[in-house]
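Visitor: Please find one structure pasted underneath; my questions will follow.
The values are calculated or read from the model by the stated rules, or taken from the named source; none is laboratory data. All figures in this text were calculated on a predicted structure; none of them were measured in a lab. SASA here: full protein model, heavy atoms, side chains in, ligands and nucleic acids out. Shrake-Rupley method; radii C 1.70, N 1.55, O 1.52, S 1.80 Å.
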Amino acid sequence: MEILKNRNFLLLFIGRILTNIGDSLYAVAAMWLVYDLGGSTLYTGLAGLLSILPRIIQLLSGPMIDRVPIRGLLVYTQFIQALLLLIVPLAFYFDFLTVGLVLAITPILSTLNMWVYPAQMSALPKILEKKQLTQGNSLFSLAYQGIDVACNAISGVLIVVLGAVSLYLWNSIGFFVGALLFAQLKIKKSIKTSDNNENKTTMKASVTSKTMQKALSDYWTDMKEGLRYILATPLARVQMGIIVINAAGGATFTVMPAFADSLGGAGVYGILLMAQACGSLLGAILAPYLKLERLPLGYLFAGAFCLSGAAWCLSVFTPWTWLVVLVYGLAWFPGGITNVIINSVIQKAIPEKRLGTVFAAASGLSGIAMPLGSLIGGALGVVAASSSVIAGCGIAVFCVGIFWVFDSTTRSLPSPDQVDEEWFAPYTNATPEKSVSLHAAH
């Protein structure tokens, strides 16, 4: 494969694989270790909450990603995570390991990880040609989803054979190796150009040291700019729909253990999670070969999630467990495709100097919906059957697809092949009032 001959991409890709393996195994090991030490699901619930809260920080991380060297950011986040993970086996060896210590480490690790994904996605356009971005994003999604499948399959066995504490040690080694790989990256620096709305002192301020007040002001301005690319352009319609879809996903995950228990227990739960990851993985693998970049973006998303929502809903009404697993896995196939497509669109349409900010804003906005969906799903699961909650989530996803079908702004979105920075310019340079009128015009 030609893209793998690019040394920078290969280093970034292998580093991403190691990072994803560490994250996936850590997520399973942490939940098991917290339950084992605390003896209560109260602690596992707290661990889940602490791992989700850093999503808020991700909204604030974008401007920093665009301000610091990406290679250094990747190296130091991996190195610090490796050291933090090493604390657990050391604490176990010296007999001072407690559930409180594990819970204290959890949000720090999650916070560091929130910086890695936007930084990696921001690095891709700097090391690949534009025509290779779809394939590069597909390989990244393949690594992520494929590792999820593998880790869901073997994590339970590894905990039994090695123990949760030993998984922390092996994860630590993996992050150390990842840091060494990222240290060899050669990433070109973004060309900083002044925006129309910047005053003439910006260039001077970049040479001299800024005051803390000015630095914080610029940081807040950049963060708002990243949100503006997501919320003040026609892509806002897509982003809002994705937020609803992620909320439905959070609600589904909350009641999935109860639904799986009604079908046969923990074994079915693991198989359903694997089916979900396999569906997303298959979509990501096939995305570059389906040549969907020629289709209008709005119609592509509308069709994908109409199909996804229908399968999501119907999966719980199928009479055989194997068919439930198959249909539920297929419900995630369209999402695997659209993840690759939307990442490529953002990388083509957003100026390089804003990529970290925009990816962080998009990921943060999408991720915030999941804990809210989990709360709603948990509450509904008390008064309604788990199958009804999952079916309702499928209907919600289907309705998002239907909204995109009838929304004129979404329908007018260009195909991914036609998207570039010129297409975004009229929206991002407009005032908020002008942006609204531009939306209406479409």
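Visitor: What accessible surface, in Å², does a 1.4 Å probe find on L290, ignoring ligands, DNA and RNA and rounding to the nearest 10?
Guide: Its heavy atoms expose roughly 80 Å² to the probe.
Visitor: Of all accessible surface on the stretch 62-128 at a 1.4 Å probe, what whole percent is carbon and sulfur? All intermediate terms of the calculation are to be shown ahead of the outcome.
Guide: Values: 1980 of 2680 Å².
The nonpolar share, carbon plus sulfur, comes to 74 percent.
Visitor: Roughly how many Å² of D417 are accessible to a 1.4 Å probe, to the nearest 10?
Guide: The value for D417 is about 90 Å².
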